[in-house]
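Okay, structure first, notes after.
Every number in this text was worked out from the coordinates using simple rules, so none of it is lab data. Just so it is clear, the structure is predicted and the values come from calculations on it, not from any experiment. Note that each Cβ is placed from the backbone with ideal geometry, even for glycine, and that neighbours are counted across all protein chains shown.
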Amino acid sequence: MLDRVFQTENYPRPFSFNRDVANVFDDMAVRSIPFYQEVQSCITAWAEAYSKEESTIYDIGCSTGTTLALLCQDIPWHLDLIGVDSSQAMLDNAEAKLAPFRIKNRVSLQCQNALDMKFQDASMIICNFTLQFIPVRERFTLLQKIFSGLKSGGLLFLSEKIRSAVPAFQETQTYIYESFKRKNGYSQNEIERKKESLDNVLVPLTLTEQYDLLERAGFSTVDIVLKWHSFVSIVALK
Ligand SMILES: C[S@@+](CC[C@H](N)C(=O)[O-])C[C@H]1O[C@@H](n2cnc3c(N)ncnc32)[C@H](O)[C@@H]1O
């Protein structure tokens, strides 16, 4: 379904992953997250390298199950997949998307705040554009939980929107990002409304702050696998 959530005055303020958003989320993600599909392919490629038969993979903020479905489709061995999301509306849509894959893989979907989860024995934990929605003061705790839930040699795949520490660059990156959204069919009005609704809900860190959090949580081997202006995908090894 086409994302028209911000076309009228009737949009979520503050932003939330409610049923209206969940029902158009797949379209919203492709049109609002640069290189969304490429990031998904990257996740599958890293999952192939870091998992084996019966490996456990968590997807924190799995939304409508796009990543989990691709893992089921593209990884040739059986996986134990656990999707976590605090929005039941998202998980209802994930249930439908994942139904055809449940024969081959164990897929469990849990409606929970990621901060209340206990991750264990994971070969990989995916956090694709979700940490940015966790209150800043709680991100370190979540990263610590992720670190302790990974097996030694396990991988965190983290994608985030980031902000530049240089105000002039931040302004340019905002302009570039809004041009990207306009090219994808969003009007300036929709862009402004969504920006207002996301204020204080999606709070980006700088790349240095993100690296610092990862390091303090225990991740000393970290690298960038994809970056487009203010969007970054990072891998971090336990
Ligand atoms: C931008 S979406 C993630 C996109 C998804 N990973 C993908 O690749 O399509 C962020 C998701 O995180 C979920 N979320 C936000 N805060 C959360 C929390 N504290 N615990 C669990 N899920 C959360 C939202 O409900 C939403 O589905």
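The long axis of helix 207-216 is offset from the longest Cα principal axis of the chain by roughly 30 degrees. Summing +1 for each Lys or Arg and -1 for each Asp or Glu among the other residues whose beta-carbon sits under 12 angstrom from that of residue 94 gives -3.
Pairs to check: 104/151; 52/151; 52/104; 161/181; 181/227. Give those whose C-alpha atoms are more than 20 Å from each other in this structure. Checking Cα-Cα distances, 104/151 exceed 20 Å.
To the nearest 10 degrees, how steeply does helix 136-149 sit against the main Cα axis of the chain, on a 0 to 90 scale? That helix lies at roughly 20 degrees to the long axis. With θ taken as phi - 60° and the Karplus curve 6.51 cos²θ - 1.76 cosθ + 1.60 applied, the whole-hertz 3J(HN,Hα) list for region 217-232 is 6, x, 7, 9, 10, 9, 8, 8, 9, 7, 8, 9, 6, 9, 10, 9 Hz, x standing for glycine and proline.
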